[in-house]
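The values are calculated or read from the model by the stated rules, or taken from the named source; none is laboratory data. Quick caveat, the model's predicted, so the values are computed rather than measured. Neighbour counts run over all protein chains shown; Cβ positions are idealised from the backbone, glycine included.
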Amino acid sequence: MNFNPKHILGIKDLSAAEIHFILDSAASFKEINSRQIKKVPTLRGKTIVNLFFEASTRTRTSFEIAGKRLSADTINISASSSSVVKGETLEDTAKNIEAMHPDIIVMRHSASGACDYLAQRLKCSVINAGDGTHEHPSQALLDVFTIRQHKEKIEGLTVTIAGDVTHSRVVRSNIYCLTKLGAKVRVAGPRTMLPPGLEKLGCEVYTDLREAIRDVDCIMMLRIQRERQGKTLIPSLREYARFYGLNPENIKLAKPDVIVLHPGPMNRGVEISSQVADGPHNVILDQVENGVAVRMALLYLVSGGEPLQQN
Amino acid sequence: MSTESVEILDLDGVNRALTRIAHEIIEKNKGVENLVLIGIRTGGAYLGEQIQRRINDIESVTVPFGSIDITMYRDDLASRGHLAVGQTDIRFNLDGKRVVLVDDVLFTGRTIRAAMDAVMDLGRPQSIQLAILIDRGHRELPIRPDYVGRNLPTSRNEQIKVDFDEQNIPRAIYLLKG
Amino acid sequence: MKILVINGHLIDPKNNIDGQSDLLIDQGRVAAVGTGLNADDAEIIDAAGLLVTPGLIDIHVHLRDPGLEYKEDIISGTRAAAAGGVTSLACMPNTKPVIDSAPIVEYIINKARRHGSANVYPVAAISQAMKGDVLSEMGELKAAGCVAFSDDGVPVVSGELMRRAFEYADTFGAPIISHAEDLSLVGEGCMNEGEVATELGLKGIPWVAEDAATARDIMLAEFTNSRLHVAHVSTRGSVELIRQAKARGVKVTCEATPHHFTLTDEAVRGYNTNAKMNPPLRRQADVDAVRVGLADGTIDAIATDHAPHHYDEKNVEFAVALNGIVGLETLLPLTMNLVRDGIISRQQAIALMTCQPAAIIGIDRGSLEVGAAADITLIDPELEWTLVANELKSKSKNTPFGGWTMRGAAIRTLLAGRTVYQR
């Protein structure tokens with residue numbers, strides 16, 4: 001197939017075939033990460049700007065390593081989300097960077113839709129590294145890549161995503177990604193953390209974690225975003241841990257070979273107990289490892305030019 | 001636009017060429033010690049397996065064989081649009097080895113340049129040699145094969161097609177005149 | 001100076017006229033209405049094929065003057081009004097400074113009289129600087145010419161202050177216009193709460209934020225036996241609350257905007273900041289309820305909530321874009337769509353834009369009896385035109401209707417007999 005995207009803004013726009021193509025490409029790039037010389041010249045001469053309006057060590061580092069292993073020049077810019085307050089608009093900030101001719105801008109921003117906004121206004125490629133509480137496509141792709149690694153296929157699996165759905169950018173991307181590939185998705189959390197109309201995205205909604213994880217193949221625990229938390233969604237982390245934390249007891253309700261994913265960083269003892277986080281079901285570090293390969297694939301795929309006429 | 005297809009080598013011709021290359025590899029390297037075969041995906045990888053089998057028939061030794069995908073090392077990615085990247089599968093150390101790169105058709109030499117870079121990124125071989133089924137000329141880089149199945153002068157707008165069966169065994173080679 | 005409008009179809013809902021009729025204007029006032037009128041010395045306007053209606057009245061407009069003239073001012077805003085067939089408008093007090101003192105009321109009235117293309121009736125603030133702490137000087141403001149009180153844009157949070165506002169405004173015979181919104185329920189919401197917001201990852205504003213506030217203000221109006229006008233009703237619940245309140249005799253009126261009976265929150269997709277307003281665009285069920293409310297008389301007026309914003313204020317991330325759209329120039333065709341859709345009659349449509357809003361703010365406009373000011377709009381209800389945002393007369397171009405094919409337009413607008421717009 002020919003998959004030549006200009007931007008990667010969200011999973012919603014991708015077809016199942018395109019997602020598989022990305023995952024297959026990532027599998028090829030993964031081999032590089034285990035070499036002694038972890039570098040290929042694929043994107044030599046390309047410039048990638050990691051434009052992060054929100055702190056994110058993990059995602060930024062992963063994209064940076066991915067770019068460097070492909071021999072691209074990667075530059076990190078930590079901009080303040082309050083550029084509007086300072087008088088510079090997002091468009092101006094981005095256009096200033098574009099004037100230096102980067103090939104790809106990888107962007108994280110606190111506003112949902114910020115990447116779509118930029119993609120409409122810039123000539124270079126834009127990869128969404130998380131926009132507000134909208135999408136986080138590279139995270140979903142690495143999650144699904146990790147699940148595929150352990151379960152061989154996605155079709156027919158049942159996956160539970162549990163936690164603070166309201167503040168999560170991972171959930172939407174993962175629901176799209178998993179359902180497009182034929183998995184059943186359950187979403188679980190207290191009602192205060194479940195935005196209305198979730199089921200319209202193609203998932204089943206649960207308020208009881210124990211019910212939600214019964215007989216499932218994979219559990220994806222969402223981070224309780226302390227920094228995003230208003231005061232009203234849950235009374236305390238202690239109570240949250242009791243009813244919505246994954247622990248050695250309730251995990252027994254899932255299939256014996258269940259795998260546990262977490263986008264990180266984890267709040268041990270809140271959404272996930274240490275026994276589970278360090279236990280035999282966890283594939284959390286595989287996710288991190290696979291993240292680099294998936295992001296290499298995304299950087300590679302957006303940086304092709306127009307196909308030549310067949311000679 | 002009609003394409004004229006001319007058979008260059010038939011099944012017997014291909015087999016004879018591969019057998020001869022296997023003999024030449026053994027002869028030049030005075031045996032198979034430290035020898036490894038690396039086929040360039042996809043055609044070269046199929047041929048590499050055939051050469052591995054023939055060396056085994058002659059010397060009763062299975063030399064290590066791996067395949068390499070050179071997409072990531074191409075110099076024309078930006079203008080090619082998107083090529084699917086294949087997997088490199090080399091499960092042995094290359095340090096100090098005599099590497100024989102195998103490909104089906106040698107043309108500009110750019111693929112071989114990319115393959116040599118890829119091999120060098122994987123280790124430090126003692127030497128790299130090149131085995132080719134068809135050398136069609138038109139080199140753009142100073143690259144010369146060590147083992148050649150058949151030299152075939154072509155014009156630039158012609159194409160060479162190596163036909164493989166379902167088991168990836170070469171059946172015949174055609175010249176396509178466009 | 002006499003003007004004779006002939007061959008037109010006159011609609012004057014207040015006087016229950018809906019038929020072929022001529023209309024004679026003399027000295028800026030309606031001099032005669034009837035068939036076969038003659039006046040040798042009059043300028044003749046041939047209105048064949050057109051509706052002749054009282055000048056339209058929009059009781060919810062943000063003119064942005066004084067202080068925010070980069071968005072709109074009295075001259076440009078009334079010019080946009082005239083182009084939309086609107087001859088009288090009430091302007092909201094969230095200017096800089098806020099309309100909370102008599103000199104500002106007088107400034108607006110005087111500037112509009114001198115330079116405007118429409119009658120402008122200021123709405124003054126309920127509380128000083130719209131801070132929700134202290135009542136504004138309502139007596140003096142009313143004496144200076146304001147027609148109602150509102151802190152439009154922000155709700156009056158304190159129930160006690162709102163109670164006293166009702167009582168004090170009633171003392172001077174002016175209604176309170178409520179911007180019904182419970183801010184604690186809105187939080188950081190920036191569009192209607194629902195599946196579209198969930199999908200786009202935008203924080204939602206639940207309908208109950210409007211309904212709860214509407215309910216409180218209805219109860220306060222009932223308790224104080226004072227007049228309440230609810231601005232920009234957008235939810236099914238609010239329409240129902242007002243319907244019930246009217247049935248038990250509460251002195252409540254309300255308005256709905258064209259965008260709330262035309263668009264749903266689907267319009268936000270693509271993070272379209274021109275579909276961002278407050279109240280937000282709601283679900284189809286709410287749109288339907290607003291339409292029913294217009295049809296059954298629960299909703300008394302169509303008002304645009306014309307809210308001009310500069311390009312830069314909309315060309316940003318959705319969450320930080322300012323609320324509001326311009327509406328004066330799309331009022332008429334969008335309302336005529338309701339007639340075409342069979343929701344309301346043509347006479348009802350005109351009443352919702354003329355005599356009914358006039359009654360809410362107590363102005364002597366919106367009808368065509370002899371002696372009335374000759375504010376007249378000639379309407380081609382079926383004229384097709386394409387809305388090009390940059391061609392709007394308003395200084396600001398923030399409309400979600402760019403590129404839409406509109407049906408219905410003001411062909412000529414007369415303000416006290418003077419032509420202020422001609423298409």
task: Search region A:195-206 for residues that are of a type in the set (S, T, Y) and pair each with any residue that is at pLDDT 95 or above when their beta-carbon atoms are under 8 Å apart and the residues are at least 6 apart or on different chains.
output: A:Y206/A:T160; A:Y206/A:R186; A:Y206/A:V187; A:Y206/A:A188; A:Y206/A:A212
task: Go through the residues of region A:56-69 one by one and say whether even a single one is hydrophobic (A, V, I, L, M, F, W, C) and either within 11 Å of chain B (Cβ to nearest Cβ) or not in a helix (DSSP H, G or I) (or both).
output: no
- prompt: Quick one: would you say C:G187 is over 17 Å from C:G362 (Cβ atoms), surrounded by fewer than 23 Cβ atoms within 10 Å (Cβ to Cβ) and at pLDDT below 95?
  reply: yes
query: Is region C:104-114 home to any residue that is assigned by TED's automatic domain parsing to the domain that holds C:V186 and part of a loop (DSSP other than H, G, I, E, B)?
result: no
statement: Exception for A:L298 within (1) surrounded by 23 or more Cβ atoms within 10 Å (Cβ to Cβ); (2) within 19 Å of A:I161 (Cα to Cα) falls at (2)
task: Return the residue satisfying two criteria in turn: it lies in region A:119-129 and is in contact with a helix residue (DSSP H, G or I) (Cβ under 7 Å, 6 or more places away or on another chain) and farther than 24 Å from C:G204 by Cα, and of such residues it is nearest to the other protein chains (Cβ to nearest Cβ).
output: A:R121
statement: Only one of (1) in a loop (DSSP other than H, G, I, E, B); (2) within 22 Å of the chain's Cα centre (by Cα); (3) surrounded by fewer than 24 Cβ atoms within 10 Å (Cβ to Cβ) does not apply to C:C146, and that is (3)
message: Contact list please: Cβ distance under 6 Å, first residue in region A:130-156 and within 13 Å of chain C (Cβ to nearest Cβ) and within 18 Å of A:L298 (Cβ to Cβ), second residue part of a helix (DSSP H, G or I) and among the polar types (S, T, N, Q), pairs at least six apart or on different chains.
response: A:E135/A:S173; A:H136/A:S173; A:P137/A:S173
message: Just to verify a result, which residue in region A:45-55, among those that are farther than 13 Å from A:I104 by Cα and within 14 Å of another protein chain (Cβ to nearest Cβ), is modelled with the highest pLDDT?
response: A:F53
In region C:177-216, residue farthest from the chain's Cα centre (by Cα) [restricted to those that are more than 14 Å from every other protein chain (Cβ to nearest Cβ) and either closer than 22 Å to A:K12 by Cβ or part of a strand (DSSP E or B) (or both)]: C:S178
task: Just need a number here: residues in region C:292-320 that are more than 12 Å from the chain's Cα centre (by Cα), away from chain A (no Cβ under 14 Å) and of a type in the set (D, E, K, R).
output: 1
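Let's see how each residue does on (1) over 29 Å from A:R35 (Cβ atoms); (2) hydrophobic (A, V, I, L, M, F, W, C); (3) in a loop (DSSP other than H, G, I, E, B):
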| residue | (1), (2), (3) |
| --- | --- |
| A:I251 | yes, yes, no |
| A:P265 | no, no, yes |
| A:Q275 | yes, no, no |
| A:P280 | no, no, yes |
| A:Q287 | no, no, no |
| A:N290 | no, no, no |
| A:V294 | no, yes, no |
| A:A297 | no, yes, no |
| A:L301 | no, yes, no |
- request: Given the conditions (1) of a type in the set (D, E, K, R); (2) out of contact with any strand residue (DSSP E or B) (no Cβ under 8 Å at 6 or more places or on another chain); (3) within 14 Å of chain A (Cβ to nearest Cβ); (4) not in a helix (DSSP H, G or I), report the number of the one that C:E329 does not fulfil.
  value: (3)
- request: Inspect all residues belonging to region C:159-176 and state whether any of them is within 20 Å of C:I299 (Cα to Cα) and in a loop (DSSP other than H, G, I, E, B).
  value: yes
query: Does C:L37 count as modelled with pLDDT of 95 or more, of a type outside the set (F, W, Y) and buried (at least 16 other Cβ atoms within 10 Å of the Cβ)?
result: no
field: Options C:I25, C:I45; residue that is outside the structural domain of C:K314 (by TED's automatic domain parsing), hydrophobic (A, V, I, L, M, F, W, C) and either part of a helix (DSSP H, G or I) or more than 22 Å from C:E382 (Cβ to Cβ) (or both)
entry: C:I25
- prompt: Is there a residue being in a loop (DSSP other than H, G, I, E, B) and exposed (fewer than 15 other Cβ atoms within 10 Å of the Cβ) anywhere in region A:28-35?
  reply: no
- request: Answer yes or no as to whether B:I128 is modelled with pLDDT of 95 or more, surrounded by fewer than 20 Cβ atoms within 10 Å (Cβ to Cβ) and closer than 30 Å to A:G67 by Cβ.
  value: yes
query: So is B:D89 under 17 Å from the mean Cα position of the chain (by Cα), within 10 Å of chain A (Cβ to nearest Cβ), farther than 19 Å from B:K161 by Cα and free of Cβ contacts under 8 Å to residues at least 24 places away in the same chain or not?
result: yes
- prompt: Are any residues in region C:265-283 under 23 Å from C:T335 (Cβ atoms), crowded, with 19+ Cβ neighbours inside 10 Å and of a type in the set (S, T, N, Q), and if so, which ones?
  reply: C:N274, C:N278
query: What about C:D288, is it at pLDDT 95 or above and touching a strand residue (DSSP E or B) at 6+ places or on another chain (Cβ under 8 Å)?
result: no
- request: Within region A:203-221, track down each residue that is within 14 Å of chain C (Cβ to nearest Cβ) and within 24 Å of A:Q287 (Cα to Cα).
  value: A:C203
message: List the helices (runs of 4 or more DSSP H) inside region B:1-118, counting only whole elements, that have at least 1 residues being within 30 Å of A:K38 (Cβ to Cβ).
response: B:43-59, B:77-80
message: When the residues of region A:159-200 are narrowed to those that are away from every other protein chain (no Cβ under 11 Å) and in a loop (DSSP other than H, G, I, E, B), which ends up farthest from A:S15 (Cα to Cα)?
response: A:P190
field: Yes/no for C:A148 being modelled with pLDDT of 95 or more, within 23 Å of C:V230 (Cα to Cα), in the same structural domain as C:H306 (by TED's automatic domain parsing) and in contact with a strand residue (DSSP E or B) (Cβ under 7 Å, 6 or more places away or on another chain)
entry: yes
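Here's the yes/no breakdown for (1) part of a loop (DSSP other than H, G, I, E, B); (2) out of contact with any Cys (no Cβ under 9 Å at 6 or more places or on another chain); (3) surrounded by fewer than 24 Cβ atoms within 10 Å (Cβ to Cβ):
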site: C:A351; (1), (2), (3): no, yes, no
site: C:P357; (1), (2), (3): no, yes, no
site: C:I363; (1), (2), (3): yes, yes, yes
site: C:D380; (1), (2), (3): no, yes, yes
site: C:L383; (1), (2), (3): no, yes, yes
site: C:S396; (1), (2), (3): yes, yes, no
site: C:P400; (1), (2), (3): yes, yes, yes
site: C:M406; (1), (2), (3): no, yes, yes
site: C:I411; (1), (2), (3): no, yes, yes
task: Please state which of the following conditions B:Q129 fails to meet, knowing it meets all the rest: (1) more than 14 Å from chain A (Cβ to nearest Cβ); (2) more than 23 Å from B:M72 (Cβ to Cβ); (3) under 17 Å from the mean Cα position of the chain (by Cα).
output: (2)
